[in-house]
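First up is the structure itself, then whatever we jot down about it.
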């Protein structure tokens, strides 16, 4: 016969209770993890989609498998996609409207310019004709900038590209701006490293020159008479960097990120000149060339705009 064990049994009931509590805690934890995963994964997907759309990829939407869910997450995804569709439609209509208006304005503006010149030749008041002609030129410049902005935005990937030297483009920009800088009584200074003088980038020389010119014009517009604008050209990490630094009032820190938005003008700090298109065009041109553009306030006062482009290393 088996010996009897004295006292309490070797399987203590309290041990079963601890095991049961441990298993219950484990099961509850697994259930909470599974529920959190079911909710957090689609939310992370929506967050990533929102960031991509904010970065310019307006064709993205939340995946259909999430939008088809029959819970609150699915309703949120459906509402998100509907909101994005509506916003993109409004942006497309705005872009199309501005593009059409700009195209339609070019012909009457050109005819108006001819009429002004004929009136001036016929003995009309010279001062009045000069003023009218100047306003006509401003309108022509604005429509040209709008068309350039949307041409680069829509066809940036299809532009013709060839090796061009930024140093040559910067010199052309400085030559073109010489009269305006003299009129503004602002001195332009260029400092270029030896390496940067021989470096090439792959792109559209005309558009890149337009970007450089827009940044320089912005600096000249906001530099007080008797001050200077400094341009620095250097290379590093297979990129070429152009810095255009002015001695103007700078811009509030909270507005720096908006300086490259179309039609944005930091009126209180930057004088409100122009239409807020120059830096926006420069941004789109630089980004279309796989580059980067940014702005920051200088410690000694003024604003500096930094343009970076990848160096062309082909044959």
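Please treat every number below as a calculation from the coordinates, not as lab data. Keep in mind that what you see is a predicted model, and the values were worked out from it rather than measured. Neighbour counts are summed over all protein chains in view; Cβ atoms, including those assigned to glycine, are modelled from backbone coordinates with ideal geometry.
Remarks
- The long axis of helix 13-54 is offset from the longest Cα principal axis of the chain by roughly 10 degrees.
- Debye-sum result for region 164-211 in log10 I(q)/I(0), which assumes one identical scatterer on each alpha carbon, at q = 0.17, 0.19, 0.25, 0.32 Å⁻¹: -0.56, -0.67, -0.95, -1.16
- Stretchable slack from residue 20 to residue 138, in nm (0.36 nm times residue separation minus alpha-carbon distance): 34.3 nm
- One decimal place: the segment residue 75-residue 197 gains 38.2 nm when fully extended, by the rule 0.36 nm per residue minus the C-alpha distance.
- Each peptide in 200-208, 19-27 gets a packing score, the mean of other Cβ atoms within 10 Å over its residues, and the list from highest to lowest is 200-208, 19-27.
- Helix 126-155 axis, angle to the chain major axis (alpha carbon atoms, nearest 10°): 30 degrees
- Between helix 205-221 and the chain: long-axis angle, C-alpha atoms, 0 to 90°, nearest 10: 80 degrees
- Kirkwood hydrodynamic radius of the chain, Cα pairs, Å: 24.5 Å
- Considering only alpha-carbon pairs that sit under 8 angstrom and 6 or more positions apart, the relative contact order computed for the chain is 13 percent.
- Förster radius 35 Å - calculated FRET efficiency between residue 37 and residue 85 (Cβ-Cβ, nearest 0.05): 0.75
- Normalised by the number of residues in region 162-310, the average gap of Cα pairs under 8 Å and 6 or more apart makes the relative contact order 24 percent.
- GNM result for the chain, Cα springs below 10 Å: residue of 243, 132, 293 fluctuating most strongly: 132
- 88, 32, 188 arranged by Cβ crowding within 10 Å, fewest neighbours leading: 32, 88, 188
- Spherically averaged projected area in nm², based on the convex hull that wraps the Cα atoms of region 162-310: 8.2 nm²
- Calculated P(r) of region 10-94 - Cα pairs past 22 Å, %: 48 percent
- One equal scatterer on each Cα of region 109-214, no solvent, Debye formula: the resulting log10 I(q)/I(0) at q = 0.16, 0.17 Å⁻¹ is -0.93, -0.98.
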